[in-house]
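Everything below concerns the one structure shown next.
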Amino acid sequence: MTIPNCLLLYAELKAARVLFIVRMAMRVCRVLEVFRMGTINYLDALKLQEKLVTDRKARKISDTLLSLQHPPTYTLGKRRTDYNLLVTESELQSMGAELHYTQRGGDITFHGPHQAILYPIISLRDIGHGARNYVEKLESTMIELASLYGVKARAGQAGEMGVWVGERKIGAIGVRISSGITSHGLAFNIDPDLSYFKHIVPCGIADKEVTSLRRESNETLPAEEGDDSKRCLSMSLDGFNPNFAYATWCLREHCKLLEKQPRHGLLEFIWASR
Amino acid sequence: MALRMWASSTANALRVSSSRTHLSPALSLSRRFSSVLDGLKYASSHEWVKHEGSVATIGITDHAQDHLGEVVFVELPEPGGSVAATKGFGAVESVKATSDVNSPISGEVIEVNTKLTETPGLINSSPYEDGWMIKIKPSSPAELESLMGAKEYTKFCEEEDASH
């Protein structure tokens, strides 16, 4: 390497450092809009996410976080691993559950009441993250949440993504990234009806149990009120906050999906706040 | 003499090496020293294009595969279909995340890398060679002009990684 190249290297390192400081400052100014959705049908949530992803790509909105629950719903990922569904679709329907095929990563899973779901619609490029470290942050979110109730959870080993307490799975992850914008996200079992998991091979991992915070924790969990959306939101944020560095939060209290009507502006659905 | 020794050890540390047949690694300042090859064009969404005559080969970069983690599934289009610049043509799944892959240029798909169905990990182990994804007949070769060269792309990755 010649002397002029050394100087060039030095200059480039200096510039990179300045850029780093600017980017850290930008990170401090990042805003997150948080929506408490209550219980929302899977397809409605999916349509909403698609709209938010398009708007986020166009920079019409800031990073957004949806906190919600689903009615009993089974979902499959892009690989369509329906051999991990152990009952027929009509048997599912008679249980009052729905089945949906999605574009997210990951295998088959179940969503239901008292399972806290977070769907972050965020720009990974703005924070310089790739898929791998984003998923690690989602894992850390659930590990943090569990630890607040005295439960020691861990990230899964290779081939067993998600969050585990011993050999029992407490949280699942399935994400889609489109032009650097995330959708889908995580599902953490606060206190769902675990019997629904018997009808699938959860996440394609056989011979492993599914568990919940209710089962694992010796502590008293916050009381559920109404549709349990407040508890799901506040517990989720307790895990999410330390892992995702947002300086400013804009919390939208109880947003209800009223009607699916097109309208000008950000969202296709009409919101009501209570 | 001391300066030459320092320069030589710095060169080793930064892995500035001699070139292969027609593609050579450019100097990279990214934290992990992802390799960036001369002779290719790059999109800001981390795909590369190798234009040879009437055929363009497309894949994802070393930087991209490193940030994704181990690829476990690859979705590719059918030959005969068309792709459009900056629009998705397929996806890769890694660590429970599916990431859309965008085409840097427009054209007609003439071949897809069927080896990726059995061995999706080729994208990790050989992102610029055995891990190629599709070959197309470019419909607007001028689109290549708006893509980044190796040096520009290296700097781009560096800037993205600087916010870690």
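So here's what we get for this one:
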item	result
Under 5 Å, built H, 5+ apart or other chain: amide partners of A:H184	A:R176
Among A:G96, A:G171, A:G162: highest mean-square fluctuation, GNM of chain A, C-alpha pairs under 10 Å	A:G96
Computed [θ] at 222 nm, deg cm²/dmol, chain A (DSSP H ≥ 4; -39,500 (n - 2.57); rounded to nearest 500)	-10000 deg cm²/dmol
Cα-based helix-to-principal-axis angle, A:3-28 vs chain A, degrees rounded to 10	40 degrees
Region A:31-273, dipole about Cα centre (Lys/Arg Cβ +1, Asp/Glu Cβ -1), debye to the nearest 20	820 debye
Helix axis angle, A:42-57 relative to chain A longest principal axis, alpha carbon, degrees	10 degrees
DSSP bridge pairs, chain A: antiparallel proportion in percent, nearest 5	65 percent
Helix axis angle, A:131-147 relative to chain A longest principal axis, alpha carbon, degrees	60 degrees
Region A:207-221 versus region A:72-142: alpha-carbon centroid distance in Å	20 Å
Mean Cβ count within 10 Å, highest first, over the residues of peptides A:115-125, A:187-197, B:93-103, A:39-49	B:93-103, A:115-125, A:187-197, A:39-49
GluC sites (Glu not before Pro) restricted to region A:173-257 and DSSP loop, no more than 14 other C-beta within 10 Å	A:E219, A:E225, A:E253
Euclidean distance of C-alpha centroids, region B:33-71 and region B:88-164, integer Å	5 Å
5 angstrom amide H check on B:S139, placed H, neighbours 5+ away	B:S106, B:G107, B:E108
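None of the figures in this text is laboratory data; all of them are computed from the coordinates on show. In this text the structure is predicted, and so the values were computed from the model without any measurement. Every residue, glycine among them, receives a Cβ derived from its backbone with ideal geometry; neighbour counts consider all protein chains shown.
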